[in-house]
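The values are calculated or read from the model by the stated rules, or taken from the named source; none is laboratory data. What you are looking at is a predicted structure, and each value in this text was computed from that prediction instead of being measured. Cβ: placed from backbone, ideal geometry, glycine included. Neighbour counts: every protein chain shown. Ligands, DNA and RNA are excluded from the accessible area calculation, which covers all protein heavy atoms including side chains. Shrake-Rupley method; radii C 1.70, N 1.55, O 1.52, S 1.80 Å.
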Amino acid sequence: MAAPTLRPSTLPQYAVLLAVAALVLVPLAAAALGGFKSLGELRVNPLGPPASWDGTVYWEILSSARLWRMLLNSAVIAGLTVALVLIVGSMAAFIFAHVVFFGSGMLLNYLLLGLMFPAATAMLPLFIRVRDLGLLDTYWGVVLPQVAFGLGMAILMLRGFFRQLPHELWEAARVDGCGYFQFYLRITLPLSRPILATVAVFALVASWNSYMLPLIMFNAPEMYPWPLGIMNYQGEYSTEWNKILAFVTLTLAPAIAFFLIAQRHIVAGLAGGAVKG
């Protein structure tokens, strides 16, 4: 197979893509390298490679029992969030895609209205509601708001994909006596693995990197998720920036790894949901 030729007309596109890639990769690389440097070296050489590759900072973080407890908390919160977003979002999207009822369009627009407002604007009333429900310092006090914030985008993406499935599948299923729930469970979900993986990645990354919501809902340090561990290295008079950069690198690593593993399904899901029949 012949290698693709680089045409002069595509050079501006490649230049823009390389510039965007540099804007993303350079800070990530600087953060990863910063964990190998001392504070003094970090001040004089923030972007370059370290003079000596000392992994003491990374080892100190990974050998802390408290941080592993935070990692477990993050895994539980992210796992519950992703599971509920997929279950509730796929059911709601299936209804909006295949069931016609009075007010369906208005209800869908109401659910999507939340995409217009940042989550930070709802923190105060959300905290009061969670407190009244007795869910402070529990996993559900963070999981349920994250699910609520993630459902709008999940329904929007899943509904677009479900509507692209051939209508002949539903007609054949009805002839065989298949109801809505059986069609959703046995036909729609198996054919929707790409878009489900896409929604799962988005929900996982949003939950894993969430900082403000757990900070507000958790008072007990043993309930803190992994992102809140960054406060261990911020003091009143000084900040250990090399440890913070190492911690940020370790925080991003699982989300990046999960994204790379599911990348093929993500692209297929986004492409499938964007094609009009």
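Just one of the listed residues (L84, L72) is exposed (fewer than 14 other Cβ atoms within 10 Å of the Cβ), assigned to a helix (DSSP H, G or I) and within 23 Å of the chain's Cα centre (by Cα), namely L72.
For region 192-214, the candidate set comprises residues that are surrounded by fewer than 16 Cβ atoms within 10 Å (Cβ to Cβ) and either over 20 Å from the mean Cα position of the chain (by Cα) or not in a loop (DSSP other than H, G, I, E, B) (or both); within that set, the residue that is modelled with the highest pLDDT is M212. Scanning region 121-171 for residues that are of a type in the set (S, T, N, Q) and at pLDDT 90 or above, which turns out surrounded by the most Cβ atoms within 10 Å (Cβ to Cβ)? By that ranking, first place goes to Q146.
Filtered by the rule that a residue be part of a helix (DSSP H, G or I) and either surrounded by fewer than 16 Cβ atoms within 10 Å (Cβ to Cβ) or outside the structural domain of Q164 (by the TED database) (or both), region 176-188 gives Y180, F181, Q182, L185, R186.
With respect to the stated conditions, Y110 is hydroxyl-bearing (S, T, Y) and open to solvent by 60 Å² or more (accessible area, probe 1.4 Å).
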